[in-house]
Amino acid sequence: MNIPTNTPCFLTLVPVGGLANRMKAIDSAVSLASATGSRLRIVWFRDSGLKCRFDQLFAPLDRIDGPELCEATLADLLLLDRPRKRNFRVPRLYQRLHFDRCIYEQEATRLFRQGFDFARCLTSYRNLYIASCVYFSPRLTGGQLFDIFHPQPLLQAEIERVAAQCIGPRTVGIHIRRTDNVLSIEQSPTELFIDRMEQEIAACPDVNFYLATDSEEEKERLTARFGQRITTCPRQAERNSVRGVQDAVVELFLLSRTCRILGSAHSSYSETAAQLGGIPFEVVSRPSCPDTERRTLA
């Protein structure tokens, strides 16, 4: 899809949330900017959702002309951060004066669900600000989802090493989301994962599992149950440090190398890993959970 414009449009994106949420927003913005011939600036904030610089996780974004991905400065905190109670909504004044339209994360999510035409919006308003934690606009250019993301070299080397040793054609990926995700804890209990893993073993005695989780307790419990069938990150599971977020990148790409993923409800991480690899993805959850589904994501 190519939407011609007479003069360049400008899109400023603030990706919000954790790792997978930000990847979705960035991939969507890159596609949107490419399809509309727009200039794209991505402002990366380190906050409680993700305390890590972009370049500590990924190589420079691939396959787009003239991207500007910058780490947020003090000035950006005052001018380009989302208006919130914590910043006394100070950025709103500048944003109303500087941008033709601002779409913040709640509105972006609502518009996405309504099938809103972000390309037309961008070419109409010319200077657009979007803060998003979702894949807000459908892919308007070709290629595999998330193909612009390449882990930085040391992380890529770790991915290749673990994949060569532990991941084969019968490796099933397991993602168990815990810590602060109450819905995942309630609707995707560990017992259901154990049941599904037992079913996988019954169907294929040679199956093994790659487990990605933010819980040391889950690592210990499943390793005690399934022994050498389980591979997981040897370091402490935590996401509040640079090393912890880097481990999350490694685990995300390792999950994408498995044959399919059994994932947690209400977690974009499981889905993003499946989309990276173009592999089947099943939400493991209670029958009453509205997020329960089995699907192949390409």
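Here, each number is a calculation from the coordinates, and none is a lab measurement. Quick caveat, the model's predicted, so the values are computed rather than measured. Glycine gets a Cβ as well: all are built from the backbone with ideal geometry, and neighbour counts include every protein chain shown.
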Per GNM of the chain with C-alpha springs under 10 angstrom, the most fluctuating residue out of SER241, SER184, SER31 is SER241
Would you please give the residues with an amide H less than 5 Å from that of PHE58, counting only those at least 5 places away or on a separate chain, with H modeled from the backbone geometry?
GLN152
Kindly write out, for the stretch 186-203 in residue order, the coupling ³J(HN,Hα) from the Karplus curve 6.51 cos²θ - 1.76 cosθ + 1.60 (θ = phi - 60°), rounded to whole Hz, with x marking Gly and Pro.
6, 9, 10, x, 4, 4, 5, 5, 4, 4, 5, 5, 4, 4, 4, 5, 4, 7
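Take every Cα pair under 8 Å in the stretch 153-285 that's 6+ residues apart, average their separations, divide by the length, and report that relative contact order as a whole percent. Before the final figure, lay out each step's value.
Details: 204 pairs, mean separation 43.9, N = 133.
Taking the mean separation of contacting Cα pairs over the length of the stretch 153-285, I get 33 percent.
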I need the phi-derived Karplus couplings for the stretch 225-236: 6.51 cos²θ - 1.76 cosθ + 1.60, θ = phi - 60°, integer Hz, Gly and Pro marked x.
7, 10, x, 6, 6, 9, 10, 8, 5, x, 8, 4
Please state, to two decimals, what the Cα-based radius of gyration of the chain comes to when divided by 2.2 N^0.38 Å (N = residues).
1.04
Amide H contacts under 5 Å for TYR104, placed H, 5+ residues apart:
ALA131
So how tilted is helix 19-36 from the main axis of the chain? Cα-based, degrees 0 to 90, rounded to 10.
40
Hey, what do the phi angles of the stretch 254-261 turn into as Karplus ³J(HN,Hα) couplings, whole Hz, using 6.51/-1.76/1.60 and θ = phi - 60°, x for Gly and Pro?
5, 4, 5, 8, 6, 7, 6, 10
Given the chain, what percent of its DSSP beta bridges are antiparallel, to the nearest 5?
15
Please list the radius of gyration and Dmax for the stretch 153-285, considering alpha-carbon atoms only, with Å as the unit.
13.5, 39
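Which value, in Å³ per residue, describes the convex hull spanned by the Cα atoms of the stretch 10-132?
Values: hull volume 12.7 nm³, N = 123.
Taking only Cα atoms, the stretch 10-132 has a hull volume of 103 Å³ per residue.
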What percent does the relative contact order of the stretch 10-132 come to when contacts are Cα pairs within less than 8 Å and at least six residues apart?
33
So for the pair ASP47, LEU97, with labels modelled 7 Å out along Cα→Cβ, what separation do we get in nm?
2.2
For helix 268-277, what angle does its Cα long axis make with the longest principal axis of the chain, in degrees from 0 to 90 and rounded to 10?
80
Cα centroid separation, the stretch 33-111 to the stretch 179-246 (Å)
33
Using Cα pairs under 8 angstrom and six or more residues apart, how large is the relative contact order of the chain, in percent?
19
Roughly what % antiparallel, to the nearest 5, for the DSSP beta bridges in the stretch 10-132?
5
